[in-house]
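J.: Encoded as C-alpha cells, here's the structure I'll be asking about.
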Amino acid sequence: MATNDLQGTLELLVLKTLAATGSLHGYGIVLHIQRASDELLTVEEGSLYPALHRMEQNGWIQSEWALTETRRKAKYYTLTAQGRRQLDRAEKSFDDLVKGVRAVLRYA
Amino acid sequence: MSALRRIANLFRRPRMDAEIAEELKAHVDMRIEDNVARGMRPEEARREALLVFGNTTVMREKVAAVDASLALENLARDTRFALRRMRKSPGFAVTVLLTLAIGIGANAAVFSVVNSVLLRPLPYPHSDRLLSLWLDAPGAGGLSNFESGLQMSPSMYLTFSGHNKTFESIGVWAAQPVSVTGLAQPEEVHAKMVSGGVLEALSVPAIAGRWFSQADQDPHGAKTVILGYGYWQRRFGSDRNVIGRSIQVDGITREIVGVMPRGFRIVDRDFDVLLPLAFDPQHQKLAPFGYSGVGRLKPGVTIEQADADVSRLMGLWMDSWSNGPGTNPHFYERWKITPHFKSLKNLVIGNVGSVLWVVMATVGLVMLIACTNVANLLLVRAEARQQELAVRAALGAGRARIARELLVESVLLGVLGGVLGIGLAYGGLRLLVSIGPANLPRLAEISMDARSLVFTLALSVMAGLLFGSIPAWRYARGKAALNTGGRTASVSRTRQRTRNALVVAQVAMALVLLVSAALMIRTFAELRNVSPGFTGAEHLETMRIAIPDTMVSDPKMVTRTEQQIAEKIEAIPGVRSVGFAVAAPMEGVDPNWDEIGVEGKVYPGGEPPLRMFNYVTPGFFSTMGTRIVAGRDFTWDELYGLRPRVMVSENFARENWGSAANALGKRVRQFSKMPWQEVIGVVEDVRVHGVDEKAPAIIYWGALLEDPYSAQPAIETERMVRYVIRSDRAGTENLLNQVQQAVWSVNANLPVALPGTMQEIYSQSMARTSFTLVMLGIAGAMALLLGVIGIYGVISYAVSQRTREIGIRLALGAQKGEVRWLFMRFAMTVTGVGVAIGLVAAAGLTRLMSSLLFGVSPMDPLTFVAIPLVLAVAAAVASYLPALRASGVNPVEALRAE
C-alpha cells in the first residue's frame, strides 16, 4: 500500500536531489528540482526550509557550512545512511502510488 | 538521538536563530546574484528575490517551529512579552490578579474541604473495607426517629463476631465520660469503651505498648487502659515510660498498656482514654441496642455479602439470648431486624455532603463571574491593541501565532492568580479549622494536599483559557480589522455584543447566588422565630456532673448528692434557679428510647411504638423556661418515694387523649410487667433535636425510679446529669468558678464537665444553617460586587467609545437627560435580560438546596421579587456614573479629539 502525500513528495524530491548531486544548499536544491523537472515543478522556499530542518531532525540528512563557487558561505545538506534507506522506501511508495493512480484512471 | 538534539537545541536558541537567519539570507543573496547574472539591475534583482522568497521573519519562525523545543522557547518568549506588558499597566494587572486570586482562592479552599472531608479515604489502612454496622428494624414503631436505624447490642456483638464468615473482625464501642483522679485535679475525660475487635478492625498500631488483649476484655481479668495521644501529651508529657503505670478511672485502678498515635480517632471521635468494654457473656440480654458497631471485611467481600451473612445469624442470636425470664426471645422477629451495613466513610460524612456540594457549586459560580469580568477587561485591552494586531497580521503573522500570544497572556494571568489564590486558600483553611464549625466531620484532617494543588493549577489554567479564548477568538482574525480602518466613530456591533453577552451571563449568575443567599437568610430568620421549647438561652449556664458507682454506690444517695449540688449552686449570688436532668435539649444526646403503652389502647401488631425518654427532677422545667401546660411538676417526695408518676410532652398528650388537660390522671407503662404510671403534668413541646427538626413526643420520668425490667425491686438512678443554671452571669468565668467550688463543697472528687451556655448549644444546633448562610452570603456579596463592576465597566467603555457620537448628538441639540437615559436604558436592558435568564436558572437550581431550607419554599415569592429589584437598583447605580460622564461631554472637544 502506498502512503503518500504532498509533504512526502517534497521530501522524496529533496532526498533524490541530494542522492544525485551528493551535497547541495537549499537554493541549489530549488534550482536542481526546477531544472530536472523541465520547469514543471517549482519548490516554494516557504515549504522547503521547514522540510529540510524536519528531515535533519529525523536524521535523514545532515548539514555543514561550506563555501560556494562564488565564495559565499552556505549550508550544504548531504544524505545520511538512514536517509538513503528512507529514499528507497519513499521511491517505492511513490511508484506504488503512481501505478495505483494509473490503474484507477485506466479502469475508468 | 533526535530527542537529545532537541534538548540540546533548547540551550542553543540564539545560535540556532542566527544560523537559520544566515541560511535564509544566503538563499536570497544567491538568487540576487543569479538575477544580476541574468542581466537585471541590482535593485530589481533584490526586489524580485525578496518577492519570491516571502516574509523572512515568518519563514524563520516557521523553520524554528519545526523543532518542538524551539516551540517551547517561543512560549517562553511570549511569556516574557506578556509579563512585560503586565508591568506596563500595573492597574490592569492588579485588578485582574486580585479578582482571580479571590475566585481561585475560594475554589481552592472549598475544594480542599470537599477533598479532605468527602473524597479522601478515612485515615485507616485499607479503609474501604471498614463498615459501620447499623441495622434496620422497620417493624419497630417510632424507630424512624433514630437517625440511621438500629445500633447493636452486646449480645449481637458476641453472636456476630463469633459466627460470621465475611469479616476479619467485628467490634462495638460506646462513648462515656469518666473521671480520672489521682493525677492533679479530678478531671472528666472522654473515654471510648471498646470491645475486642474494634482496634483490630481499625488496624492502627499503638505507638507505645499494645492494643487490648483477650485477657483485658475478660470482666474478671486485669483492669487496663489505653491513652489517646493528646491526653498522653497533656498529662504525661509524652513520657514513653507510662506503660505499666496506673491511673484511677472512675475510682478503679487501671494499668496503662498502650498509647495510640497522633490523629488516631475512633470513627471521627476524639478520645482521651480507651477502656475495654469487657462484656460478661453470662449476663447479656438481647437488648440494649446502644452500641456503635464497626467491622473490617475480608478482602474481596461486598457489603451485600456481609448483609446476607449476618442476616443468617439473626435466628441464632434470638436462640442464644433472652431479655430475662418470662420474656419471649423471638419477640424481636416483629421488629424485622436486618443488617443495613454501610461504609464507615458514609457514616462519618453524614449529611454534610449536600452542604459542601452546594458551597462548591456556589464558589464555582463566583469563579465564572470573576472569569467573565476578566474576559471583559481583556476584551477592552485587546481592543486597544487592535491596530497593532491588525498590522502584524497584515505583515504575515499567522492567526495561530496571535491567538497563542493572547492565550499565553491570559493563562499567565490565570496561573499567577492561582498562585496568589493558593496563599489565600491556605490562610482561609487555617481560619476555618480554627473556627471549627461544630458539625463538620473530619475537621482535623482538612489540609491542602497534592490533589488540591493539582485542582487549583488545572482551574487556573482552565480559567485562563476560558477568559482568554474570547479575545483570542475575536482578535486573531486581525486581517479583517485593518480593512475597517483604525478609527471607530462608533462601537463595532460584534464586539459590543460579546461584552453584552458576558454581562448578561454575569447578572444571571449573580442573581442565582443572591437568591440562594437570600433563601438561606430567610431560613435562618424562620429558625430564629421557632420557639424551641425553652426561653432565655443566653442566661442559662449548663454543665455536666457524673457520679461513678465506685464513688457513691447507693442509688438514692446519688440523687441526694445531685440535689445537694443543685442547692449549693442555687445559693450562689445572682443565680435565680437551678435544675437538672439527664439531657438538656439540643445537646445531641437521646437519653433513652423505649416502648410506651397507654392504658386502654390496643396497638396494631400488639406492640406500642418507641418513644423518647428523659429523666428530670423538680425545678428543671421552670429553670429551662419550659411551660407546664397542664398539671404540675414532680416533687422531691414523689422521686424519693418512687411513686408511679410520669410527665409527658404536649404532642404525646394530644396524640393519645386529644388535649393536654385530658391527659391528667391517665396512665401509661413501659413494659407489661410494670405497674401503670399516672400522668401528673404535661409540658410544652421541646425541639430537642434542633430547631429545624420537629419536636418528638417525650416521656419524662423522675430521675429516681423503680427499674422496670428488674425481677427483684431495684432502683434506677441517673449518675450522669446536666445542670441548667439560670443567671444573668451565665457564660462568665467567674460564675463557673463559683459553680466548681459549690460542687467541690459537696464532693471534692467531682469534676465539672462540658460547661457552656444554652445559647451555645442552641447556636451549635443551627451551625449547619449558619455555616451555609455565611458561605452563600460571602459568595452572593462577591457576585453582586463583581456584577456591578462588570456593568460599570461595560457602560464606561461604551461611553468612551461613543464620545464622538455623543458630541454630535449634543451638537445637534440632544438634551443631556436624553443622553444619560440612552446609556442607562442600555444598562437596564442588559440587566433585564440577565435577570430573566437568572430567574429561570434560579428556579431550577434552588430546588437542589431544598434540603437545607426550613420554613421557606425554594420558590419563595418574596425572594424572587426582592432580589431582581436589588440587582436592578445596583445596575442603575453602576450605569448612572458613566452615563453622567456621557452627558457631561463637551461637543467641541469631543469632535476635535478625533
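The values are calculated or read from the model by the stated rules, or taken from the named source; none is laboratory data. Computed from a predicted structure; not experimentally measured. All Cβ positions, even for glycine, are placed from backbone atoms using ideal geometry, and neighbour counts span all protein chains on display.
J.: Kindly establish whether A:L15 is buried (at least 17 other Cβ atoms within 10 Å of the Cβ), closer than 21 Å to A:S93 by Cβ and modelled with pLDDT of 85 or more. Before you say what the answer is, go through the steps one by one.
T.: Numbers: buried (at least 17 other Cβ atoms within 10 Å of the Cβ): yes; closer than 21 Å to A:S93 by Cβ: yes; modelled with pLDDT of 85 or more: yes.
Taking the combined requirement at face value, the residue satisfies it.
J.: Would you tally the residues in region B:251-283 being part of a loop (DSSP other than H, G, I, E, B), in contact with a Ser or Thr (Cβ under 7 Å, 6 or more places away or on another chain) and at pLDDT 85 or above?
T.: Summing the residues that are part of a loop (DSSP other than H, G, I, E, B), in contact with a Ser or Thr (Cβ under 7 Å, 6 or more places away or on another chain) and at pLDDT 85 or above in region B:251-283 gives 2.
J.: If the requirement is being modelled with pLDDT under 90, outside any strand (DSSP E or B) and among the β-branched types (V, I, T), which of these qualifies: B:V688, B:V739, B:V743?
T.: Working: B:V739 fails: modelled with pLDDT under 90; B:V743 fails: modelled with pLDDT under 90.
Only one candidate qualifies: B:V688.
J.: Consider region B:287-340. How many of its residues are under 32 Å from the mean Cα position of the chain (by Cα) and either at pLDDT below 90 or assigned to a strand (DSSP E or B) (or both)?
T.: Number of matching residues: 12.
J.: Considering only residues that are more than 9 Å from chain A (Cβ to nearest Cβ) and of a type in the set (V, I, T), look in region B:29-64 and name the one that is surrounded by the fewest Cβ atoms within 10 Å (Cβ to Cβ).
T.: B:T57
J.: Moving on to the next point. How many residues, within region B:313-329, are loosely packed, with under 13 Cβ neighbours inside 10 Å and on the phi < 0 side of the Ramachandran plot?
T.: Residues of region B:313-329 that are loosely packed, with under 13 Cβ neighbours inside 10 Å, as a first pass: B:315, B:319, B:325-326, B:328.
Adding the requirement that they be on the phi < 0 side of the Ramachandran plot leaves B:315, B:319, B:325, B:328.
Qualifying residue count for the region: 4.
J.: If you go through region B:708-736 one residue at a time, how many are part of a helix (DSSP H, G or I) and in contact (Cβ under 8 Å) with a residue 12 or more places away in the chain? Walk me through it before giving the result.
T.: Taking region B:708-736 and keeping what is part of a helix (DSSP H, G or I), we get B:733-736.
Narrowing the set further to residues that are in contact (Cβ under 8 Å) with a residue 12 or more places away in the chain leaves B:735-736.
Adding up the residues that qualify gives 2.
J.: While we're here: Need a quick list: helices (runs of 4 or more DSSP H) entirely within region B:746-844 having at least 3 residues that are free of Cβ contacts under 8 Å to residues at least 12 places away in the same chain. Lay out the reasoning, then the answer.
T.: Values: elements: B:758-765, B:767-801, B:803-811.
Answer list for region B:746-844: B:767-801.
J.: Based on what the data block shows, is B:S169 closer than 26 Å to B:A306 by Cα, crowded, with 20+ Cβ neighbours inside 10 Å and among the small types (G, A, S)? Explain how you work it out, then say what you get.
T.: Working: closer than 26 Å to B:A306 by Cα: yes; crowded, with 20+ Cβ neighbours inside 10 Å: no; among the small types (G, A, S): yes.
No, not satisfied.
J.: Restricting attention to region B:609-658, which residues are among the polar types (S, T, N, Q), touching a residue at least 24 places away in the same chain (Cβ under 8 Å) and not in a helix (DSSP H, G or I)?
T.: Initially, region B:609-658 is screened for residues among the polar types (S, T, N, Q), giving B:614, B:617, B:622-623, B:626, B:635, B:649, B:651, B:656.
Add one more test, that the residue is touching a residue at least 24 places away in the same chain (Cβ under 8 Å), and what stays is B:614, B:617, B:622-623, B:626, B:649, B:651, B:656.
Passing the criteria: B:N614, B:T617, B:T626, B:S649.
J.: A further question follows. What's the number of the condition A:K99 fails, among (1) among the charged types (D, E, K, R); (2) within 14 Å of chain B (Cβ to nearest Cβ); (3) part of a helix (DSSP H, G or I); (4) surrounded by fewer than 13 Cβ atoms within 10 Å (Cβ to Cβ)?
T.: Of (1) among the charged types (D, E, K, R); (2) within 14 Å of chain B (Cβ to nearest Cβ); (3) part of a helix (DSSP H, G or I); (4) surrounded by fewer than 13 Cβ atoms within 10 Å (Cβ to Cβ), only one is false for A:K99: (2).
J.: Ok, one more. Of B:S763, B:S800, B:S796, which residue is more than 12 Å from B:V515 (Cβ to Cβ), within 25 Å of the chain's Cα centre (by Cα) and not charged (D, E, K, R)? Can you show your working first?
T.: Numbers: B:S800 fails: within 25 Å of the chain's Cα centre (by Cα); B:S796 fails: within 25 Å of the chain's Cα centre (by Cα).
The match here is B:S763.
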